[in-house]
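In what follows, a single structure is set out as structure tokens and then discussed.
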Amino acid sequence: MNPFVTLICLVLTLVPWVAHAQTDSVSGDNYLTVGLVGYTEPSIYTDGEDDQDIELVVEAQWEGIFYRNDTLGVYLAEGDSWYVSAGVGDDVFGDHARGDSKTLKDMESLDKVYTANLTTGWITSVGYFELGYHHDISNNHNSGAVVARYGAPIEQGQWVVDPQLSLTCVGRAVSRYYVGVSAQDTKAGRPTYQPDQTCKFQSDLNLYYTLGRAHHLLLGVSYRHYGDEVSDSPIVDRDDLWSFNTGYLYTF
């Protein structure tokens, strides 16, 4: 059976069990949030185009099932201040389109990668911590990533300040999939390149302004820094980037 289908079956099988988890727990509140968010994000690839768009954002949680950050998941176990979850979603490291770079159009095209993940988290008095593993289930690079994340949201009146730090580390199969150059893609000025394992550091700062319970205005900035194994690639022309987003969200 396809691994993606297998995980979906696992999620659906666990739903009845999760629905009877502790009521005073991480997944205790059900909600649905929709909105429009505009963003701009440059590409790390040579001649890559900036990604600029306005997209519909949907986040939801219901009886232990959640959809957040393009991930569909379910809580497997939880307490008042900890949880273990599983889900499926997009890859967490690279850009399979290589920034739609015209210079790199002659290279063998990459397929979009989907991953299954297992994540554990803790909520403490100084913020929340997450540690997760994401593995390719789309049979592309067939490898995975370890993601560690820390956040410390602060609520002050109608304002919420949400700073986050994360570190994503991948093996050589992932880095070679996204920034490697195979022998068949080699040409003048683009030598063969086979990177090793590497990491990506990311810092986010999101500001929310709440009008009543339902209306939220968002302003965010994000910084990413890639390791030398990425920046040394002949198809990459930067090792860090800044991105920005702003939008409106409504919570039902």
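The values are calculated or read from the model by the stated rules, or taken from the named source; none is laboratory data. Keep in mind the model is a prediction, meaning the values are calculated, not measured. When we count neighbours, we look across all protein chains shown, and the Cβ atoms used for this are built from the backbone with ideal geometry, even at glycine. Surface areas here come from the heavy atoms of the whole protein model, side chains and all, with no ligands, DNA or RNA. Shrake-Rupley method; radii C 1.70, N 1.55, O 1.52, S 1.80 Å.
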Flag for Asp51 being under 14 Å from the mean Cα position of the chain (by Cα) and open to solvent by 20 Å² or more (accessible area, probe 1.4 Å)
no
(1) more than 19 Å from Asp47 (Cβ to Cβ); (2) in contact with a Lys or Arg (Cβ under 7 Å, 6 or more places away or on another chain); (3) open to solvent by less than 80 Å² (accessible area, probe 1.4 Å): which one isn't true of Gly247, the others all being true?
(2)
Val113 being at pLDDT 95 or above, more than 16 Å from the chain's Cα centre (by Cα) and surrounded by 16 or more Cβ atoms within 10 Å (Cβ to Cβ)
no
Looking at (1) at pLDDT below 95; (2) within 22 Å of the chain's Cα centre (by Cα), can you tell me which one Thr198 breaks?
(1)
Residue tally, condition among the hydrophobic types (A, V, I, L, M, F, W, C), buried (at least 17 other Cβ atoms within 10 Å of the Cβ) and assigned to a helix (DSSP H, G or I), over region 154-186:
2
In region 87-105, is there at least one residue being touching an Asp or Glu at 6+ places or on another chain (Cβ under 8 Å), part of a strand (DSSP E or B) and in contact (Cβ under 8 Å) with a residue 24 or more places away in the chain?
yes
Return the total of residues in region 192-229 being part of a strand (DSSP E or B), among the charged types (D, E, K, R) and over 22 Å from Ile54 (Cβ atoms).
1
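The rows are residues; the columns are (1) at pLDDT below 95; (2) more than 30 Å from Gln61 (Cα to Cα); (3) in contact with a Gly (Cβ under 6 Å, 6 or more places away or on another chain).
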position	(1), (2), (3)
Gly171	no, yes, no
Val181	no, yes, no
Asn206	no, no, yes
Ala214	yes, no, no
Leu218	no, no, yes
Glu229	no, yes, no
Asp239	yes, yes, no
